[in-house]
Amino acid sequence: MLSPTSMYKLTVMNMTTAAIEQTDTIFRAALILEWVLISIGFGETMLLWYLLRYTNQYHRNLAMIVEQLPNQYFPSLLARMYMIYKQLTIPNTAELINDQSFLFAVWLRNSLLFVAFYFAPFPVIERCFATVYMQDYETNKRRWISYLLSTILYIIAFTSAQFFIFGSYREIHILLITSFNLVAFGLTFVMERYNKKRYSKLRKNVNSDYSLSVRAQLSENINSTLPFKVMCFSIAFFASLCTSMLHVDEWTESQTIRNWVYMAFNFSCWSYGTIVPFFMLAYNPLWQKELKRLGNRICCCLIHKNRIGEGSSQKKKKTTKVKDTFGRNCLVDDTQHSTIYFSQLNAEWNAPPEPDTTRRKSRDKKTELVPPTNAQPHSVASPRSISNGSTSPRQEVN
């Protein structure tokens, strides 16, 4: 069971003091805004996880290590959203800190934050392994590298977090986090220089025995140094900024100042989780291409649905004036044209035959309608004369 007296409840604003000083409205609005921004950040984190899992921009070992950033971010965001919900629904701070579910959310969120603070060196260390095993790193998986580095990351982060939350000497953690990230930042320069030197040596030596796999690995190591430098610098900046705010309890006793600092800390953590993926996206052409593909696909689906909705609600169904098989006109809906056509054709083919009496009556009517000819009554034209249109010289006169 978590004890509120022995646990450092960082980032928990004192809403009771804020209500007394009439600043609770501002802090409530800030909490609601943070909740909305976290919801947006949750979608961004899901997109980052998708890009890491289903694109082949990075080596699988490197992608698995980078995946730990969104992996810890999911439960951390959920814990923070639950904390905001509790602070908005329970304004009494004394009652709030005795809620075990709230204390567990505080502990989980603060512990996972240290995973993000210590994250930067481990992708760089993976690139060091890629340089050492350059000969067959593309073909030989060596999954133990990613599992080992991920395990070390969580052990260091959770151990440091527990000492920070339940222990003392919190100033040491600022130095540790800052030094870890600065070492990773400097190591990227060393790796870049080494790989570029090796690549230039490879190009000068025409008879070198470097395989295509080695060339691809060298190219990946060189191309990944620039985004890693930007990532390590940004993580070092946000980690140092956030951890420095966590020592506000040792600087002042004013609850109002602490509330403002805690609010700035929470927004800094949100900025860290939002800006760092954007830096990674800016130097990743394959991710940009995949995002454009997803965007175009979503837009096409939305436009297609809107067109279907507008067509069914505003426009009438199109009909076409056609003739059936027996020459009669009919207006047929375009969508049912084939069905109606073949049904009518089937009905005409299978209709019963007309009786002889009706056929005779129709034939008599047709003959009555034919006008009489002005031929001579006493002359009989031979069939030959009728066929060629002239009068025969042979005529019989009575």
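The values are calculated or read from the model by the stated rules, or taken from the named source; none is laboratory data. Please read these numbers as outputs of a predicted model, since none were measured by experiment. For neighbour counting, all protein chains shown are included, and Cβ atoms are generated from backbone atoms with ideal geometry for every residue, glycine included. The protein model used for the area step is the full one, side chains on, heavy atoms only, and it has no ligands, DNA or RNA in it. Shrake-Rupley method; radii C 1.70, N 1.55, O 1.52, S 1.80 Å.
Accessible-area rank, largest first, for CYS300, CYS232: CYS300, CYS232, with all protein chains present and a 1.4 angstrom probe.
For the range 41-171, what does the relative contact order come out to in percent, with C-alpha contacts under 8 Å and a separation of six or more?
29
Legend: residues TYR283, TYR73, sorted from most to least accessible area (1.4 Å probe; ligands, DNA and RNA excluded), read TYR283, TYR73. Checking the Cα-Cα distances for LYS141/LYS229; LYS197/LYS229; LYS86/LYS229 against a 27 Å cut-off, the pairs over it are LYS86/LYS229. Per-residue SASA remark: TRP49, around 80 Å² accessible (1.4 Å probe; ligands, DNA and RNA not included).
What a 1.4 Å probe finds exposed on the range 15-297 is 67% carbon and sulfur by accessible area, rounded to a whole percent.
Tell me the per residue accessible area of the range 15-297 using a 1.4 Å probe; a whole number in Å² is fine.
48
What the Cβ-Cβ distance of TYR85 and CYS301 gives, at R0 = 41 Å and to the nearest 0.05, is a FRET efficiency of 0.80. In percent, rounded to a whole number, the relative contact order of the range 15-297 is 22, using alpha-carbon pairs under 8 Å and six or more apart. Within the full protein context, the accessible area of ARG143 is estimated at about 80 Å² for a probe radius of 1.4 Å.
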